[in-house]
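Visitor: Mind having a look at this structure? Questions to follow.
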Amino acid sequence: MAKSSSWKLFCMGCFGGVEEISTKKSTKGGEKKSSHCSNNSSSSPSRLSFSSLDSTQALSPEDLSLTLSGSNLHVFTLAELKAATKNFSTTNFLGSGGFGPVYKGFVDEKLRPGLRAQQVAVKYLDSEGVQGHREWLAEVIFLGQLRHPHLVKLIGYCYEDEHRMLVYEYMTKGSLENHLFKRYLAALPWSARIKIAVEAAKGLAFLHDAERPVIYRDFKASNILLDSDFKAKLSDFGLAKDGPQGDDTHVTTRVMGTQGYAAPEYILTGHLTTKSDVYSFGVVLLELLSGRRCVDRARRDREQNLVDWARPYLKKPDKLYRIMDPTLELQYSHKGAQKAAAVAYQCLSHRTKSRPSMKEVVEALEPLLELRDVPIGTFVFTVEGDEGEENETKKIDMKVELTGREEQQSDHHDHHHMRHKKRYPNSAIHAEIVLRRDRSGSYTNSLRKGQSSPSHQRDRGA
Ligand SMILES: Nc1ncnc2c1ncn2[C@@H]1O[C@H](COP(=O)(O)OP(=O)(O)OP(=O)(O)O)[C@@H](O)[C@H]1O
Ligand SMILES: [Mg+2]
């Protein structure tokens, strides 16, 4: 399956030309304070705006460190990061994107006062890559000043000669993209998907509701990272923009982003608003529901663009099952799926005004975490006789209803179930479970040989 085409420039310099940058040093009366933003959904008014920096004039390492002196960012040397990553060894390689390669590393508390010993991810700007100093600086300026439980923490950076690096907290479980689309990882359960959607929405809401809003501009599954508890955090602020100020309704920029995620009006006009992020959120929500990439050239023509294909189903509760991820094996809250689909539909509206704010999205999605109408499925148990009695295998059709406390399996769900069974006859929830009697006479169970790999491991990703 093809990865959605990534980075970055759709239409070089079409709208607004080079982004306007003034030479002011700070936003308010020359003040320069740190702003360790909290969870209270507002960043300090004194946040140094990126657009107030002249990124066309080289900012010396000393100037930058002075500019960010209140931010608690650590400035590392090339030698220190070499040591932390075992000389950027291939065994420490985590992956690479438009910025360059990313390596796992470890920093010792002895390296700097105030630094905790911890695993880190070191992103090394590829001088030949599609991103450059400007994106690196944007990341340092934005993430250096913004702090929130659902933004990945920037620990420090390296700015030495031509070397540019970013040092982040290490996110053990990697990206949402990997968990949704890679065959080798188990399918994400429904509850995890909703939790990730809510947490990523909170990260975006925090940016949008700041005194000086930040437009993230690159919201996509690969930029949502997961920690060891699957807590979601946004990473990659290289494309982030300061939002409009005063009476302005939008900022005009070159059109950048990732195909399939960027809002249509932004692609057409270059007008960027917080509602462009809301559209991208809708795309990711749809990926979470469907388990499909937003652009997938390996699919039939009419299914290649996820939004075009799925949109008509989002408003039709009785047809929603057609777009739901088969790897969920129907184990999702049907109420929750309908509500999430309705939110996705609104976010994906062509009219920016019809899209909700991210705060409204959080309010709509958070209650879905409480829904318990998640069916576990119906199993057919096959009871085998004792060893040597294979011929006496008895088949007992035993319906096991493992449902949450709220709604037991409804007629509606049975319909879903039948349709699903027809469509995915090898689905694991219909798999036979073999009960074996051990020497003590008690039964143990296991999936019947040949059915031990659920259908989704064949259907997924590709
Ligand atoms: N803080 C981190 N902890 C753990 N893994 C990370 C961290 N940051 C990035 N990675 C991993 O490094 C890889 C590359 O990430 P990167 O953000 O550079 O590219 P991308 O998001 O895949 O693409 P793009 O450049 O289009 O944003 C991804 O597999 C990602 O999961
Ligand atoms: Mg990324």
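Any read-out appearing in this document is the output of simple, stated calculations on the displayed coordinates, not a laboratory observation. Computed from a predicted model, the values in this text were never measured in an experiment. No Cβ is skipped: glycine too gets one built from the backbone with ideal geometry, and neighbour counts run over all protein chains shown.
Visitor: Per q in 0.11, 0.14, 0.15 1/Å, what log10 I(q)/I(0) does a Debye calculation on the alpha-carbon atoms of the stretch 58-170 return?
Guide: Result of the Debye calculation: -0.31, -0.52, -0.60.
Visitor: Now for a different question. Along the Cα→Cβ direction, 7 angstrom out, place labels at Q119 and A342. What is the inter-label distance in nm?
Guide: 4.1
Visitor: Quick one: plug the Kirkwood hydrodynamic radius of the stretch 174-370 (C-alpha pairs) into Stokes-Einstein at 25 °C, 0.890 mPa s, and report D in µm²/s. If you can, show how the numbers build up before the last one.
Guide: On the way: Rh = 16.8 Å.
For these conditions, the coefficient is 146 µm²/s.
Visitor: Right, another one. Taking neighbour Cβ counts within 10 Å as the exposure measure, how do D296, D236, D63 sort from fewest upward? Can you show the working numbers first?
Guide: Working: D296 21, D236 27, D63 13.
Least to most surrounded, the residues fall as D63, D296, D236.
Visitor: Full extension from D318 to E109: what is 0.36 nm times the residue separation minus their Cα-Cα distance, to one decimal in nm? Intermediate results must be reported in sequence, preceding the final value.
Guide: Numbers: separation 209, 0.36 × 209 = 75.24 nm, distance 5.63 nm.
Using 0.36 nm per residue and subtracting the Cα-Cα distance, I get 69.6 nm.
Visitor: What is the order of E211, E360, fewest Cβ neighbours within 10 Å to most?
Guide: Details: E211 13, E360 16.
Result, fewest neighbours first: E211, E360.
Visitor: Continuing with this model, one more query. Tally Lys and Arg at +1 and Asp and Glu at -1 over the other residues with C-beta under 12 Å from the C-beta of R164: what net charge comes out? All intermediate terms of the calculation are to be shown ahead of the outcome.
Guide: Details: positive: K123, R134; negative: D126, E135, E139, E160, D161, E162.
Here the charged neighbours net out to -4.
Visitor: Report the gain in length on full extension from I267 to L78: 0.36 nm times residue separation, minus Cα-Cα distance, nm rounded to one decimal.
Guide: Values: separation 189, 0.36 × 189 = 68.04 nm, distance 3.83 nm.
Length gained between I267 and L78: 64.2 nm.
Visitor: Here's a follow-up. Report the FRET efficiency, 1/(1 + (r/R0)^6), for L185 and L66, where r is their Cβ-Cβ distance and R0 is 60 Å, rounded to 0.05.
Guide: On the way: r = 43 Å, r/R0 = 0.72.
My answer for the efficiency is 0.85.
Visitor: Still on this structure, please answer the following. Which shape class, rounded, prolate or oblate, goes with the stretch 165-231 when its Cα gyration tensor gives a ≥ b ≥ c as root eigenvalues, a/c under 1.5 marks rounded, and past that a/b bigger than b/c marks prolate?
Guide: On the way: a/c = 2.16, a/b = 1.56, b/c = 1.39.
Prolate shape, in that a/c is at least 1.5 and a/b is the bigger ratio.
Visitor: With θ taken as phi - 60° and the coefficients 6.51, -1.76 and 1.60, list the Karplus ³J(HN,Hα) couplings across the stretch 164-174 in order, rounded to whole Hz; mark glycine and proline as x.
Guide: Ordered by residue, 3J(HN,Hα) equals 10, 9, 10, 10, 10, 4, 7, 9, 3, 8, x Hz.
Visitor: For the stretch 247-329, run through the trypsin sites (Lys or Arg not before Pro) and keep only the ones in DSSP coil with at most 16 other Cβ atoms within 10 Å of their Cβ.
Guide: Working: sites: R254, K275, R292, R293, R297, R299, R300, R302, K315, K319, R322; in loops: R254, R292, R293, R297, R299, R300, K315, K319.
In loop regions of the stretch 247-329 (DSSP not H, G, I, E or B), the sparsely surrounded trypsin sites (Lys or Arg not before Pro) are R297, R300, K315, K319.
Visitor: Same structure, new question: Charges only on Cβ, +1 for Lys and Arg, -1 for Asp and Glu: so what's the dipole of the stretch 174-370 about the Cα centre, in debye to the nearest 20? Working shown, then result.
Guide: Numbers: 30 positive and 25 negative charges, 144 e Å.
The dipole of the stretch 174-370 has a size of about 680 debye.
Visitor: Let me ask something else about it. Taking all pairs of distinct Cα atoms, average 1/r, flip it, and tell me the Kirkwood hydrodynamic radius of the stretch 263-373 in Å to one decimal place. Don't skip to the answer; put the middle values down first.
Guide: Details: mean 1/r = 0.0690 Å⁻¹.
So the Kirkwood estimate lands at 14.5 Å.
Visitor: For a Förster distance of 25 Å, can you work out the FRET efficiency between the beta-carbons of E303 and S96, rounded to the nearest 0.05? Kindly include the intermediate steps, with their values, before the conclusion.
Guide: Working: r = 29 Å, r/R0 = 1.15.
So, using R0 = 25 Å, E works out to roughly 0.30.
Visitor: Just want to confirm a number: the relative contact order over the stretch 174-370, from Cα pairs under 8 angstrom separated by 6+ residues, in percent. Let's see the in-between values first.
Guide: Details: 314 pairs, mean separation 47.3, N = 197.
Reported relative contact order: 24 percent.
Visitor: Just check the stretch 69-134 against the gyration tensor rule for me: Cα atoms, a ≥ b ≥ c as the square roots of the eigenvalues, rounded for a/c under 1.5, and otherwise prolate or oblate depending on whether a/b exceeds b/c. Spell out each step's value before the answer.
Guide: Working: a/c = 2.33, a/b = 1.36, b/c = 1.71.
Oblate is the answer for the stretch 69-134, as a/c is 1.5 or above yet b/c matches or exceeds a/b.
Visitor: Now a separate question. Any idea what % of Cα-Cα pairs in the stretch 205-260 are farther than 13 Å?
Guide: Working: 1014 of 1540 pairs.
Tail of P(r) above 13 Å: 66 percent of Cα pairs.
Visitor: What are the ³J(HN,Hα) couplings of the stretch 309-326, residue after residue, when phi is run through the Karplus curve with 6.51, -1.76, 1.60 and θ = phi - 60°? Round to Hz, x for glycine and proline.
Guide: Once rounded to whole Hz, the list reads 6, 8, 3, x, 7, 5, 9, 10, x, 6, 10, 4, 4, 5, 9, 6, 4, x.
Visitor: Hey, can you grab everything whose amide H is under 5 Å from the amide H of E211? Only 5+ residues off in sequence or another chain; H modelled, so Pro and N-termini drop out.
Guide: S43
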